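This is the structure I want to talk about, given as structure tokens.
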Amino acid sequence: MIGPCLIVGAGFFGAVCARELTDAGIRCRVIEKRDHIGGNCYTRTHEDVGCHEHVYGPHIFHTDSRPVWSYVTRLAEFNSFINRPRVWYRDRLYSFPVNLLTLYQLFGVRTPAEAESVLQQKRQPQADQSNVEGWCLANLGEEIYETFIRGYTWKQWNRPPAELPADIIRRVPVRLTCDDNYYQDKFQGIPIGGYTAIFERLFEGIPVDLQIDFFEDRESWLDRYPLVIYTGPVDAFFDLEFGALEYRSLRFEREFLDVRDFQGNAVVNYTELEVPWTRIVEHKHFNADLSRERTLITKEFPADWAPGLEPYYPVNTDENVERFKKYRRRIQECEGKIVFGGRLAEYRYYDMDEVIEEALGTVKSLLGK
Ligand code: UDP
């Protein structure tokens, strides 16, 4: 029998491990640095608005995995929310991701054949398509690049798109149909009672101590628990031995407004470089409850990461990837005693479903199944 087990961090990776190990009869204890459970999925309920605020940015659950979908829908009832962000550029509103309606709005085309032909005219051959700018100009042309990609990407990563790998853009679809569903996964939705309720269920009967910084007492935690599941930043765990891994951070500005509906949609991206925020989220649209004359919006500002700020997006430059490889060797040396999992410990921009899948797999292998 393994354990008892200390779990550091109360986000999805830690919560799923805690639940599954507990159900298998292993004693678990969870410590969390923040004053709440749920990691970045944490939601806060506002009865006067009729919404669950996505405190750390919009979290739309989507997955292609039936087992993961069954797992989460056993924990909570989900609504049928589909992510259809819109784009605001120079005081005009566009359908997004780029689809036939967007191409109609930009170029007046009305059929897939007309759209294909206009795209062909717009494409500009590029010697180098390995960066965002080269790839976009070669595949989409100047107007689409300028309207949807250039400013947003520059703001998000604080680097000219010509200096960023094209990989980051390839996940943004371009379609010649009217399909404006951002994700192509089979299952999609938002938990009707908010995400926090899911974590409350996952942690039922498990001791969770909030506002505990693992590093303040690290040696004693490691002495006391034969098994530790660590979900914090990997570089911090190894005392920055190979240097700090770089992240992008975010700053949120919330506003309560005395209007029923501010923008008519959950997410509107602001793609101009001159507008400092990248998007505005109006939380009540996640559960489509427009019954109150009050709303909550959040403006999202990308920020350089510095100690004390929340790390959000790993920055996948060659340097960071190489640095992480060195940390990975350290992780391997801890095998059998410490498990590293989740976005920060694996330095990977995971979606929620991937984290859950990883956590379920980790527990299986810990239990020797
Ligand atoms: N992107 C863009 N314009 C948009 C939305 C996304 O240029 O309106 C680019 C941007 O470079 C971003 C990448 O696509 O970093 C991935 O965007 P996504 O919305 O998938 O990122 P997330 O929601 O995970 O932050």
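None of the figures in this text is laboratory data; all of them are computed from the coordinates on show. As the structure is a prediction and not an experimental result, all values here were calculated from the model. A quick note on method: Cβ atoms are made from the backbone with ideal geometry, for glycine too, and the neighbour counts reach across all protein chains shown.
Using only Cα positions of segment 244-302, each an equal point scatterer, no hydration layer, compute I(q)/I(0) via Debye at q = 0.20 Å⁻¹ and quote the log10 values to two decimals.
-0.75
I've got another one for you. Of the candidates LEU21, LEU106, LEU250, which one comes out as most mobile in a Gaussian network treatment of the chain with C-alpha springs shorter than 10 Å?
Among LEU21, LEU106, LEU250, the largest GNM mean-square fluctuation belongs to LEU106.
For every helix of n ≥ 4 consecutive DSSP H residues, a contribution of -39,500 (n - 2.57) applies; sum these over the chain, divide by its total residues, and give [θ] at 222 nm rounded to the nearest 500 deg cm²/dmol. Mind showing how you got there, number by number?
Values: 12 runs with 110 residues, N = 369.
Using -39500 (n - 2.57) per qualifying helix, the result is -8500 deg cm²/dmol.
Something else: Return the distance in nm (one decimal) between the two label points of a simple spin-label model at GLU310 and GLN211, each offset 7 Å from Cα along Cα→Cβ.
1.8
Using a Förster radius of 30 Å, what is the FRET efficiency between ARG251 and LYS369 based on their Cβ-Cβ separation? Nearest 0.05, please.
The computed FRET efficiency comes out at 0.10.
To continue, here is another question. Taking amide H positions as placed in the peptide plane 1.01 Å from N, state which residues far from ASN79 in sequence (5 or more) or on other chains have amide H under 5 Å from it.
Sorted by chain and number, the residues that satisfy this are ILE190, ILE192.
Based on alpha-carbon positions alone, could you give the equivalent ellipsoid semi-axes of segment 194-324 from the gyration tensor, as √(5λ), descending, whole Å?
Square roots of five times the eigenvalues give 36, 24, 11 Å.
Please identify the trypsin sites (Lys or Arg not before Pro) of segment 213-287 that satisfy two criteria: DSSP loop assignment and at most 10 other Cβ atoms within 10 Å. Which are they?
none
Evaluated at 20 °C with a viscosity of 1.002 mPa s, what Stokes-Einstein diffusion coefficient in µm²/s does the chain have when Rh comes from the Kirkwood expression over alpha-carbon pairs? Mind dumping the intermediate values first?
Details: Rh = 22.3 Å.
Roughly 96 µm²/s, to the nearest whole number.
Let me ask something else. List every residue whose amide H lies under 5 Å from the amide H of VAL109, counting only residues 5 or more places away in sequence or on a different chain, with H placed 1.01 Å from N in the peptide plane.
HN-HN under 5 Å from VAL109: TYR104.
Another one. For helix 318-333, what angle does its Cα long axis make with the longest principal axis of the chain, in degrees from 0 to 90 and rounded to 10?
20
Something else about it: Looking only at GLU300, GLU32, GLU216, which one moves most when the chain is put into a Gaussian network model with springs between Cα atoms under 10 Å?
GLU216
Moving on. Could you give P(r) for segment 100-243, binned at 5 Å from zero, as whole percent values over all Cα-Cα pairs?
Taking all Cα pairs of segment 100-243, the binned fractions are 2, 7, 11, 12, 11, 10, 9, 10, 9, 8, 6, 4, 2, 0 percent.
Same structure again: Each residue of segment 31-36 in order: what ³J(HN,Hα) in whole Hz does its phi give by Karplus 6.51 cos²θ - 1.76 cosθ + 1.60, θ = phi - 60°, with x for Gly and Pro?
My calculation for segment 31-36 gives 10, 9, 5, 6, 9, 8 Hz in order.
Mind checking segment 281-369 for chymotrypsin sites (Phe, Trp or Tyr not before Pro) that DSSP puts in a loop (not H, G, I, E or B) and that have at most 16 other Cβ atoms within 10 Å?
Here the sparse-neighbourhood loop sites are TYR349.
Still on this structure, please answer the following. State, to one decimal in nm, how far the label point of ALA162 lies from the label point of ASP261, with both points 7 Å from Cα in the Cβ direction.
In this crude label model, ALA162 to ASP261 measures out at 4.3 nm.
Give the average over all directions of the projected area of the C-alpha convex hull of segment 218-273, one decimal, in nm².
Numbers: hull surface 34.2 nm².
So the mean shadow area of the Cα hull is 8.5 nm².
Here's another thing I want to ask about it. With 24 Å as the limit, write out which pairs from LYS155/LYS325; LYS155/LYS299; LYS299/LYS325 have Cα-Cα distances beyond it, or answer none.
Result: LYS155/LYS325; LYS299/LYS325 exceed 24 Å.
With viscosity set to 1.567 mPa s at 4 °C, what whole-number translational diffusion coefficient in µm²/s follows for segment 11-124 from Stokes-Einstein and a Kirkwood radius over Cα pairs?
It comes out at roughly 69 µm²/s.
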